[in-house]
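A short reminder: the numbers here are calculations on the coordinates, not readings from a lab. Being a predicted model, the structure only gives us computed values, none of them experimental. As a convention, Cβ positions derive from the backbone with ideal geometry for all residues, glycine included, and neighbour counts pool all protein chains shown.
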Amino acid sequence: MAIQNQIPLLITLASTIAFCAQAQNGDQATWAKRVDSGDQVVTTLQFYFHDKLSGQNPSAIEIARPLQGGAALPGQFGKLLMIDDALTVGPDPSSKLVGRARGLYGSAAQAELNLIMALSYVFTDGIYDGSSLSLLSINSALNSPREMSVVGGTGLFRLARGYAVAQTYSADVSGDAVVGYNVTVATNI
């Protein structure tokens, strides 16, 4: 008799757990998807990077500039910036925050705009909270799309390897930009 009385409770509990799991997976699916093949996990992420150089509270600040001549060059060769940029699920800055891009980038070409990127993408959402990806690559910022290397990570992305495809969504004369990222990484199990 006791087991029969608990069956409705168990069904309700199972339904609640399934609903919560589906809701959480649905939220994750908006910007991240993991596929476990048995020997590795391939994760695809889609998010927007908000680089703000203007205003009272910029997320990117100049920390070094060339001593001479660099400002006259097309890509401002030698200029270096430190960043703490928002990563969101959509191009609107008020869309859901999923992490921060932290690190530095600088102009690494004399005749064009090529940036050297040394960044950590630190995630704060769902199962990725506390995990990060490390990007070290040239970013041909005027090309769209462009591809960059993912060279490592922490947490769920420990020993990650992969690539990021970036496409500028918007940019203005102040240097503020919103960049869409599609990232594919593989990690060993």
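Observations, loosely collected:
- Nonlocal amide H pairs with Gly99, under 5 Å, H built at 1.01 Å: Leu87, Thr124
- Karplus 3J(HN,Hα) series, Hz, for region 46-58 with 6.51 cos²θ - 1.76 cosθ + 1.60 (x for Gly, Pro): 10, 7, 10, 9, 10, 9, 10, 9, 9, x, 6, 10, x
- The simple spin-label model puts a point 7 Å past each Cα toward its Cβ; for Asn188 and Ala118 those points are separated by 2.7 nm.
- For Gly153, distant residues with modelled amide H under 5 Å away: Ser134, Leu159, Ala160
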